[in-house]
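Below is one structure, written out as structure tokens, with a few remarks after it.
The values are calculated or read from the model by the stated rules, or taken from the named source; none is laboratory data. Just so it is clear, the structure is predicted and the values come from calculations on it, not from any experiment. Glycine also receives a Cβ, built like all others from the backbone with ideal geometry; neighbour counts cover every protein chain displayed.
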Amino acid sequence: MKSEVREALIAKLTALADDEVILAHRASEWTGHAPILEEDIALANIAQDELGHATLWYGLRQQLDGCDSDQLAFFREAGEYRNTELVELPKGDWAFTMLRQFLFDLYETLWLQSAKNSSYQPLADAANKVLREERFHLQHTYAWVERLGLGTEESNQRMQHALDMQWGYAQQLFVPTPGEDLLVAEGMVPDLGAIKTQWLEYSTKHLQNAGLKLPINPGYQPTSRACHTEHLWSILAEMQSTARWDTEAKVW
Amino acid sequence: MTTLPTTEQVWAALAQIPDPEIPVINVVEMGIVRGVVIEGNKATVTMTPTFSGCPALHLIREQLEQTTRSLGFDQVEVKTVLSPAWTTDWIPVNAKERLRQYGIAPPKPKSEQDSLIQLEPSPTRCPRCGSLNTSVKNTFGPTLCKAIHVCNNCQEPFESFKTV
């Protein structure tokens, strides 16, 4: 593998894993606090799955540069994380959390469906594996968007508010990582432009069917994954504290 | 000099390891063990994860290693592969029946679905009374591989193994 392709692949895998780690942590914040027990369990399952996926993406990176996934997750500073701003935003209310999870799950599912055909076999295998789990997430959050959008006046307003806030942020999911064009040219990862077209079509239809209006002005749209909101610093402070207190700890 | 076991004997020993979360079926029936290769006094066991975030995977890996080592090999390696991706179709019919007797509705045959969303999957049969008049209560259950249902006939809640 050419060194520039390798570097680009490391950047892409890091971005994939970092999105999963941070989103998993946000989902886990509901553990013990979700509106009903069933949803507490469901979101804990989703968080656990996303962590499993992060482990797979970090594992693929490890094959390229020998990195250690625990070091990456627990000992990097916020400025070194390459997640989108969407996933680091505070969990908000239930509508905010369900909408974000839906927008992300839809993107991830579409990306994985295409990445199954990657010319880089380890990535194709991992995508095929993750897709089987991700479908359950999308099925779940798809139903929640409909339920809240068409529920009561208040639930609809809360969803609309979440959508107005998140729509611009969600567009960052389709901004390529450094060197990603090389990977696309090699057939290693899907073209994000094509994924975005599918995502827009599918999400627009479902959101509108759920009685929601796409914002006319999408607002702030982050681009670089090297930039973050202040929320990433506080989430990492919590997530990494145990590991940093006792770096030798083997069992938590 | 002791004689090392054959691959068949290693498989048989591994089939004694119950799944940590669903002990009525073993890790071989679960489809987790994908291969056993013996070269001299070294044994290589290949495994595949069920759900990638399953917390029992670490334990299963340790148990595969320990069980194989206890058979007398000097070197034991447990490798993880992702391809072919794990599917519940690998669980044999008799193990599925044991799941049902245990109170967990077994996975159905996997259909290669292309649609993103399958909101109305075929009804899951109640493992207690056999009725198909059941409803999904939660796509997610106490472990990553299970969902929660309720039987509208016998009124009992039950778990089902997800079809993957």
Residue under evaluation residue B:47, criteria (1) buried (at least 16 other Cβ atoms within 10 Å of the Cβ); (2) more than 30 Å from residue A:142 (Cβ to Cβ); (3) within 11 Å of chain A (Cβ to nearest Cβ), criterion not met: (3)
So residue B:84 fits all but one of (1) touching a helix residue (DSSP H, G or I) at 6+ places or on another chain (Cβ under 9 Å); (2) surrounded by 14 or more Cβ atoms within 10 Å (Cβ to Cβ); what number is the exception? (2)
Any residue at all in segment A:26-49 that's free of Cβ contacts under 8 Å to residues at least 24 places away in the same chain, in a loop (DSSP other than H, G, I, E, B), within 14 Å of another protein chain (Cβ to nearest Cβ) and closer than 24 Å to residue A:233 by Cα? yes
Residue list for segment A:56-70, restricted to those being part of a helix (DSSP H, G or I), more than 12 Å from residue A:18 (Cβ to Cβ) and at pLDDT 95 or above: A:56, A:59, A:60, A:62, A:63, A:64, A:65
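Applying the selection to segment A:190-246, what residues are of a type in the set (Lys, Arg) and assigned to a loop (DSSP other than H, G, I, E, B)?
A:213, A:225
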Cβ pairs under 9 Å, 6+ apart or interchain, first in segment B:1-22 and among the hydroxyl-bearing types (Ser, Thr, Tyr), second part of a loop (DSSP other than H, G, I, E, B), ordered by first then second residue, are B:2/B:72; B:3/B:72
Residue B:109 is checked against (1) more than 13 Å from every other protein chain (Cβ to nearest Cβ); (2) assigned to a loop (DSSP other than H, G, I, E, B); (3) out of contact with any helix residue (DSSP H, G or I) (no Cβ under 8 Å at 6 or more places or on another chain); (4) closer than 24 Å to residue B:157 by Cα and fails just one. What number does that condition carry? (3)
Applying the selection to segment B:127-142, what residues are surrounded by 19 or more Cβ atoms within 10 Å (Cβ to Cβ) and more than 8 Å from chain A (Cβ to nearest Cβ)? B:127, B:134
Number of the condition not met by residue A:114 [criteria: (1) within 14 Å of chain B (Cβ to nearest Cβ); (2) among the hydroxyl-bearing types (Ser, Thr, Tyr); (3) buried (at least 20 other Cβ atoms within 10 Å of the Cβ); (4) farther than 16 Å from residue A:52 by Cβ]: (3)
If you go through segment A:74-87 one residue at a time, do you hit one that is in contact (Cβ under 8 Å) with a residue 24 or more places away in the chain, in contact with a His (Cβ under 6 Å, 6 or more places away or on another chain), more than 11 Å from chain B (Cβ to nearest Cβ) and small (Gly, Ala, Ser)? yes
Going through segment A:163-181 in order, the residues found to be part of a helix (DSSP H, G or I) and surrounded by fewer than 17 Cβ atoms within 10 Å (Cβ to Cβ) are A:181
Just to be sure, is residue A:125 acidic (Asp, Glu), modelled with pLDDT of 95 or more and surrounded by fewer than 19 Cβ atoms within 10 Å (Cβ to Cβ)? no
Before we move on, is residue A:214 modelled with pLDDT of 95 or more, within 17 Å of residue A:20 (Cα to Cα) and either over 18 Å from the mean Cα position of the chain (by Cα) or not aromatic (Phe, Trp, Tyr) (or both)? no
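Quickly run through segment A:145-156 and pick out the residues that are touching a residue at least 12 places away in the same chain (Cβ under 8 Å) and either of a type in the set (Ser, Thr, Tyr) or surrounded by 21 or more Cβ atoms within 10 Å (Cβ to Cβ) (or both).
A:145, A:148, A:149, A:155
From the list A:249, A:185, A:210, A:226, pick out the single residue that is exposed (fewer than 14 other Cβ atoms within 10 Å of the Cβ), over 27 Å from residue A:68 (Cα atoms) and of a type in the set (A, V, I, L, M).
A:185
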Pick from A:108, A:77, A:133: which is of a type in the set (Asp, Glu) and within 24 Å of residue A:241 (Cα to Cα)? A:77
Quick check on my filter: what residues within segment B:31-80 are part of a strand (DSSP E or B) and of a type in the set (A, V, I, L, M, F, W, C)? B:33, B:36, B:37, B:38, B:43, B:45, B:47, B:76, B:78
Which ones in segment A:94-128 are assigned to a helix (DSSP H, G or I), farther than 18 Å from residue A:28 by Cβ and of a type outside the set (A, V, I, L, M, F, W, C)? A:107, A:109, A:113, A:114, A:121, A:122, A:125, A:128
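Does residue B:83 fit the bill of being within 14 Å of chain A (Cβ to nearest Cβ) and within 19 Å of the chain's Cα centre (by Cα)?
Answer is yes for this residue.
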Checking residue B:88 against (1) more than 29 Å from residue B:158 (Cα to Cα); (2) within 14 Å of chain A (Cβ to nearest Cβ): exactly one of these is not met. Which one? (1)
Expected single match for surrounded by 24 or more Cβ atoms within 10 Å (Cβ to Cβ), closer than 23 Å to residue A:167 by Cα and within 18 Å of the chain's Cα centre (by Cα) among A:27, A:54 is A:27
